[in-house]
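Single-structure report; data block below.
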Amino acid sequence: VAFQVITVACIVVNAAVIGMETDMPAYRHWDYIEHGFLTVFTLELGLRMFVCGVRRYFFGAAETKSQKLRASLAGSARRRPESNRFTDVAWNIFDFAIVCSGIFSAVFRYLENVEDDGLHMDTTLLRI
């Protein structure tokens, strides 16, 4: 429960920072703050994948034969809704996509600023 509270607090603070960033674009430390949040969200994602296991994180918990038998014997009125499992998986995939897009964005911004022997890497097309 504490892990979820901390994660939600980070999301709320990140949203507030994004709002402040649009009001004060001249502040020069926004990139560092964004990288800090990206690091926190990447660690949170990695920890959840480690605890759940990659297969369960992306596909949900596999239903055992005994669970299927109990569900069929109990009837549809008493069965646990399957939508919970799929909702969790959908949120996990969404979270993974958001964090990956943040990582790719940070890497591409870094590569745009790297100059090697006067050659400037233009990665604008890769972001499309």
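Per-structure values
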| read-out | value |
| --- | --- |
| Those residues of the range 22-76 which are modelled with pLDDT of 90 or more, farther than 23 Å from residue 88 by Cα, open to solvent by less than 60 Å² (accessible area, probe 1.4 Å) and among the aliphatic types (A, V, I, L, M), in sequence order | 33 |
| Residue list for the range 19-43, filter: assigned to a helix (DSSP H, G or I), without any contact (Cβ under 8 Å) to a residue 24 or more places away in the chain and not acidic (Asp, Glu) | 19, 20, 22, 30, 32, 33, 36, 39, 43 |
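Yes or no, residue by residue, for (1) in contact with a helix residue (DSSP H, G or I) (Cβ under 9 Å, 6 or more places away or on another chain); (2) among the aromatic types (Phe, Trp, Tyr); (3) part of a helix (DSSP H, G or I); (4) without any contact (Cβ under 8 Å) to a residue 24 or more places away in the chain:
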position	(1), (2), (3), (4)
7	yes, no, yes, no
17	yes, no, yes, yes
45	yes, no, yes, no
58	yes, yes, yes, no
61	yes, no, no, no
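The values are calculated or read from the model by the stated rules, or taken from the named source; none is laboratory data. What you are looking at is a predicted structure, and each value in this text was computed from that prediction instead of being measured. Heads up, the Cβs are rebuilt from the backbone with ideal geometry, glycines too, and the neighbour counts pull from every protein chain shown. Just so you know, the surface numbers come from the protein's heavy atoms only, side chains and all, with ligands and any DNA or RNA stripped out. Shrake-Rupley method; radii C 1.70, N 1.55, O 1.52, S 1.80 Å.
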